[in-house]
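The values are calculated or read from the model by the stated rules, or taken from the named source; none is laboratory data. Because the structure is a prediction, the values reported are computed rather than measured. Don't worry about glycine lacking a Cβ; one is built from the backbone with ideal geometry, like all the others, and counts go over all protein chains shown. Accessible surface is based on the protein model in full, side chains and every heavy atom, while ligands, DNA and RNA are left aside. Shrake-Rupley method; radii C 1.70, N 1.55, O 1.52, S 1.80 Å.
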Amino acid sequence: MDLHAANLFKTYTLHRKRVEVLRGVSLEVPSGACVAVVGKSGSGKSTLLHLLGGLDRPDKANPGQADLGPAQVRAGETDVTRLRGSALDRYRAQSVGFVFQLYHLLPELSVLQNVAIAAMVRHGLAFGAQRGAQMAKAAALLTSFGMGHRLEHRPAELSGGERQRVALARALINRPLLLFADEPTGNLDPSTGGQILDLLDAYRRETGATMVIVTHSIEVASRADRVVRLVDGRIVVDQTVQAVG
Ligand SMILES: Nc1ncnc2c1ncn2[C@@H]1O[C@H](COP(=O)(O)OP(=O)(O)OP(=O)(O)O)[C@@H](O)[C@H]1O
Ligand SMILES: [Mg+2]
């Protein structure tokens, strides 16, 4: 599924002060491609990822930029910026996997429950046999990620690399064709980070999913098809891996 974003603006207002984060970002990701987004802390990488994944909306009005045309996020045939309510929920559950910067696992649930619940949401919170099937699917995926021996642990009882693998399993359980990952190797040592990247690569080969990965890591960027850099709310560099640093 290809991803197309145009004219994305995002301004936060905090204590009456405007914080202009994105100032007209446009991005094309062909179906099955992987784009890495780099940029300084605070440059708006997470903000952009949330807009692309349909977790947040771009600003409607872009003052002084009327000539640019409307903000748009399109995934395949879906105009994401127009989706509301249950249509947006359905789109997110079916098509989008999201790995958050700080994992965002539910602390009271076990590893298995954290992953299975995403499958249940996708299939309309399941009961009885259906519920068992989603649990089995989650257990199988976690086992393939090397987490089979930790299914009953809670997130606080895991290492950082283990949490990241659970977050990735949760993002992939519904086999989304779009995957957004925010610093998926950020807190990991190179070898553990490498394992996460191998899982991502394998998933992309298997499914042809389209990926956007926010990263500070040269290793991640070097595996991407393309690297874009956010500076002052805009994408200013859009070239090959050599430009990362
Ligand atoms: N809800 C919010 N309200 C006000 N300001 C916000 C909000 N969310 C983010 N910001 C500001 O927007 C800017 C961009 O934040 P964002 O999280 O997108 O940066 P980032 O590039 O992901 O940084 P990092 O590399 O540290 O994760 C920051 O300066 C941040 O303070
Ligand atoms: Mg961030």
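Which numbered condition in (1) farther than 19 Å from Leu8 by Cα; (2) in contact with a strand residue (DSSP E or B) (Cβ under 7 Å, 6 or more places away or on another chain) is the only one that Asp89 fails?
Every condition holds for Asp89 apart from (2).
How many of the residues in the range 24-54 are on the phi < 0 side of the Ramachandran plot, surrounded by fewer than 16 Cβ atoms within 10 Å (Cβ to Cβ) and within 15 Å of ligand 1 (Cβ to nearest atom)?
Residues that pass the stated criteria total 2.
Provide a single number: the residues in the range 76-94 that are in contact (Cβ under 8 Å) with a residue 24 or more places away in the chain, over 27 Å from Asn187 (Cα atoms) and open to solvent by less than 50 Å² (accessible area, probe 1.4 Å).
6
Mind telling me which of the residues Arg175, Arg234 ends up being away from ligand 2 (no atom under 16 Å from the Cβ), closer than 24 Å to Val29 by Cβ, at pLDDT 95 or above and surrounded by fewer than 21 Cβ atoms within 10 Å (Cβ to Cβ)?
Arg175
Among the residues of the range 107-123, count how many are open to solvent by 80 Å² or more (accessible area, probe 1.4 Å) and among the hydrophobic types (A, V, I, L, M, F, W, C).
Total meeting the criteria: 1.
Collect the residues in the range 143-162 that are in contact with a helix residue (DSSP H, G or I) (Cβ under 6 Å, 6 or more places away or on another chain) and among the basic types (Lys, Arg), keeping them in residue-number order.
Arg150
Restricting attention to the range 2-18, which residues are open to solvent by 40 Å² or more (accessible area, probe 1.4 Å) and modelled with pLDDT under 95?
Tyr12, Thr13, Leu14, His15, Arg16, Lys17, Arg18
Residue-by-condition table, conditions (1) closer than 26 Å to Val212 by Cβ; (2) at pLDDT 95 or above:
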{"position": "Leu51", "(1), (2)": "yes, yes"}
{"position": "Val73", "(1), (2)": "yes, yes"}
{"position": "Gln94", "(1), (2)": "yes, no"}
{"position": "Phe127", "(1), (2)": "no, no"}
{"position": "Gly148", "(1), (2)": "no, yes"}
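What about Arg170, is it touching a residue at least 40 places away in the same chain (Cβ under 8 Å) and under 30 Å from Gly42 (Cβ atoms)?
yes
Tally up the residues in the range 124-139 that are over 16 Å from Ala171 (Cβ atoms) and open to solvent by 50 Å² or more (accessible area, probe 1.4 Å), please.
Result for the range 124-139: 8.
Surrounded by fewer than 18 Cβ atoms within 10 Å (Cβ to Cβ), among the aliphatic types (A, V, I, L, M) and out of contact with any Pro (no Cβ under 8 Å at 6 or more places or on another chain): does that describe Leu142?
no
Just to be sure I understand the filter: pairs with C-beta atoms under 6 Å, separated by 6 or more residues or on different chains, first member in the range 31-50 and within 14 Å of Phe9 (Cα to Cα), second member more than 10 Å from ligand 2 (Cβ to nearest atom) and open to solvent by 10 Å² or more (accessible area, probe 1.4 Å). Which pairs pass?
Cβ pairs passing all conditions: Gly44/Val21; Thr47/Lys10; Thr47/Val21; His50/Asp56.
From the set of residues in the range 199-216 that are open to solvent by less than 30 Å² (accessible area, probe 1.4 Å) and within 16 Å of ligand 2 (Cβ to nearest atom), which is farthest from the chain's Cα centre (by Cα)?
Thr215
Mind checking which residues of the range 174-192 are free of Cβ contacts under 8 Å to residues at least 60 places away in the same chain and away from ligand 1 (no atom under 16 Å from the Cβ)?
Arg175, Asp189, Pro190, Ser191, Thr192
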